[in-house]
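Taken together, the values in this text are just the output of simple stated rules run on the coordinates, not laboratory data. Not measured: the values here are computed from a predicted model. Methodologically, a virtual Cβ is constructed for each residue, glycine included, from the backbone with ideal geometry; neighbour enumeration extends over all protein chains shown.
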Amino acid sequence: MNRTHGCLLAIAAVIGALSLPCYPADEPTPAPPRTRRNDRGRQILPANAEILTVAGKVGFLAMPENAKPGRKTPWLWYFPTDYNLPGKYEKWMFAKYLANGIAVAGLDLDVPLGNPRSRAYLTAFHRHLTLRRNLTRQACLIGRSRGGLQMYNWASEHPEFVAGIAGIYTVCDMASWPGLKQASKAYGMSEEQLAKQLSAHNPIDRLKPLAKAGVPIYIVHGDKDTMVSLDRNSGLLAERYKALGGTITLDIKKGQGHNYWRGFFEDKGMATFIVKHAKRAASLPSVLIFGDSICGGYGDHVIRLLDGKANVTKLGSVPSYRIDKEPKPKGYLNFGNTVLCMADFDSFARHLKETKYDVIHFNFGLNDIFRGRKGAWHAPPAKYAANLDKIVTLLKTNGAKVIWAHTTPIPANAPNMPAGDERIYNAAAKKVMDGRGVPINDLHGVVTSWDGYAEWKTGDNVHFSGAVYRKLAEQVAEKIAKQLGSPGEAAK
């Protein structure tokens, strides 16, 4: 029995202790008590790897020394990170990718075989690294053996986050390994229940979203593998992926089984594949969007609409800092009005100095208009215009093309916000933007031309339904895309 065989059999011994319910993919629950201690001292991580905890799970992140300041860093996501993996056999590939400016990361899931709760933890990990650590929204994924169950199941639910997939004799069919009897325990159901629901959890049955998104795949697998057979795993996955129109390379290693042959881990074709697709994700232009709660409503839709065209950052994910001799984290930059923006102006200036954007789209107004208990505007029109002028001046220092969005309408019965005040503020903003050569995105017009506007304007809520936010997002994405594609230098 070789070392891998022993490791895989050990997994089966502990699976019985794991009975995990299903949770929504965007709401990971606190980690359960550990049933065993990972021998992390035996794992071969890059020398500069940082051990971090996300949603109660332990992971690692190694950043390349040549990471470009102010730009998103491409990354490789390794599966699985548990027991003694990654191990010394991954050392060559990790060093190669780090030398090419690609970060390497992984999350310890304690062998749940890609069940729904583990996918929730993976989503939390992705959010942390892309929103808090400035890694690209799309990652290259690489799975080894049982890591395929984690990797493919998460990727099929989030193809927009995947630049490419690589595999080393990955498990693709749960019925093949470890078998439904053992796997069902990790999924918190009976063997019969898992058999009925298998297509919702089995990688070979979940390829359509990946093929539709155009995600490329590269796999190496031995033709003598008796543990994770080629025919029932990588071979079957390749056959089905091609039938769906997907792009896949299956490199069959003659005479090799489920072993530690260096050719699996130092495959130059796979290395070239990963470097190419990871860097492609980092080559996309960078966009910053920020503003009040209306921006919060359309922001996620804009990110999806610009998927594959730009790396979009929402300001609420950017750390704020105290400006002193030793800057310390102070929450995150998130401005709902011009007053708050001015209050954390130095932190914002620091971020814009350190991070280069190609386009910046922003809007304010509703919270500046809001009248307090004494009936006074938070920021009177003149003060609002002065704040906007300072903000635009700062944004211009970044070198990005800047777009301003008009404040959306106020309905007749909105508390402490008289209907029509937005027109006063839009007029004040227009003078600033015209003087600064900043194009204006007329989101006010999107709302007033909406079929349901007549009914909405009689209400008391300045916010909208999801359908209206999608309309706003379509126009925001269109304006941003136009600026990304427009020739010439950014507006001075």
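Please arrange M151, M189 by how many other C-beta atoms lie within 10 Å of their C-beta, fewest to most.
Lowest count first: M189, M151.
Testing the spin-label approximation: label points 7 Å from Cα along Cα→Cβ at T393 and K482. State their distance in nm.
2.9
Among 158-169, 273-284, what's the highest-first ranking by average C-beta atoms within 10 angstrom per residue?
Per-residue Cβ counts within 10 Å, averaged per peptide and sorted highest first, yield 158-169, 273-284.
Mind listing the phi-derived Karplus ³J(HN,Hα) values for region 395-411, rounded to whole Hz, using 6.51, -1.76 and 1.60 with θ = phi - 60°, and x for any glycine or proline?
4, 5, 5, 6, x, 7, 7, 9, 10, 9, 10, 4, 5, 6, x, 10, x
What is the set of long-range amide H partners of T313 at a cut-off below 5 Å, with H atoms built 1.01 Å from backbone N?
V287, L288, I289
Cα gyration tensor of region 286-485, axes a ≥ b ≥ c as square roots of the eigenvalues: rounded (a/c below 1.5), prolate (a/b > b/c) or oblate?
Working: a/c = 1.68, a/b = 1.24, b/c = 1.35.
Note, shape of region 286-485 comes out oblate.
Got a sec to turn the phi values of region 127-144 into Karplus ³J(HN,Hα) couplings, 6.51 cos²θ - 1.76 cosθ + 1.60 with θ = phi - 60°, whole Hz, x for Gly and Pro?
Coupling constants for region 127-144: 4, 4, 6, 7, 8, 9, 10, 6, 8, 4, 4, 9, 10, 8, 9, 9, x, 10 Hz.
To two decimal places, what compactness ratio does the chain give when its Cα radius of gyration is scaled by 2.2 N^0.38 Å? Intermediate values should be presented prior to the final figure.
Details: Rg = 25.4 Å, N = 492, 2.2 N^0.38 = 23.2 Å.
Cα Rg divided by the expected 2.2 N^0.38 Å: 1.10.
Taking amide H atoms as placed 1.01 Å from N in the peptide plane, list the residues 5 or more away in sequence, or in a different chain, whose amide H sits under 5 Å from that of V58.
The list, which skips near neighbours in sequence, is D108.
Which of S184, S465 has the fewest other C-beta atoms within 10 Å, and how do the rest follow up to the most?
The most exposed by this proxy come first: S465, S184.
Roughly what % of DSSP beta bridges within the chain run antiparallel, to the nearest 5?
Counting DSSP beta bridges with both partners in the chain, the antiparallel share is about 25 percent.
Which one, P411, F79, H463, projects farthest toward the positive side of the charge dipole computed for the chain from Cβ point charges (K/R +1, D/E -1)?
F79
Using the Karplus equation 6.51 cos²θ - 1.76 cosθ + 1.60 (θ = phi - 60°), what ³J(HN,Hα) coupling, rounded to whole Hz, does each residue of region 274-290 give in order, writing x for Gly and Pro?
Result, rounded to whole Hz: 5, 4, 4, 7, 5, 6, 4, 5, 7, 7, 5, x, 9, 10, 10, 10, 7.
Order these peptides, 333-342, 262-271, 445-454, 140-149, by their mean beta-carbon neighbour count within 10 angstrom, highest first.
Ranking, from highest mean packing down: 140-149, 333-342, 262-271, 445-454.
Hey, fewest Cβ within 10 Å first, where do C172, C295 land in order?
Values: C172 30, C295 25.
Neighbour counts put them in this order, fewest first: C295, C172.
Return the calculated 222 nm mean residue ellipticity for the chain, to the nearest 500 deg cm²/dmol, obtained by summing -39500 (n - 2.57) across DSSP H runs with n ≥ 4 and dividing by the residue count.
The per-residue figure over the chain is -11500 deg cm²/dmol.
Mind checking the angle between helix 234-243 and the chain's longest principal axis? C-alpha axes, 0 to 90 degrees, to the nearest 10.
With both axes taken from Cα atoms, the answer is about 50 degrees.
Report, in listed order, any pair from K96/K254; K57/K181; K91/K253; K208/K482; K68/K353 with a Cα-Cα distance greater than 23 Å. Walk me through the intermediate numbers first.
Details: K96/K254 25 Å; K57/K181 26 Å; K91/K253 20 Å; K208/K482 31 Å; K68/K353 13 Å.
Beyond 23 Å between Cα atoms: K96/K254; K57/K181; K208/K482.
For region 106-159 and region 381-409, compute the distance between their C-alpha centroids and round to whole Å.
38
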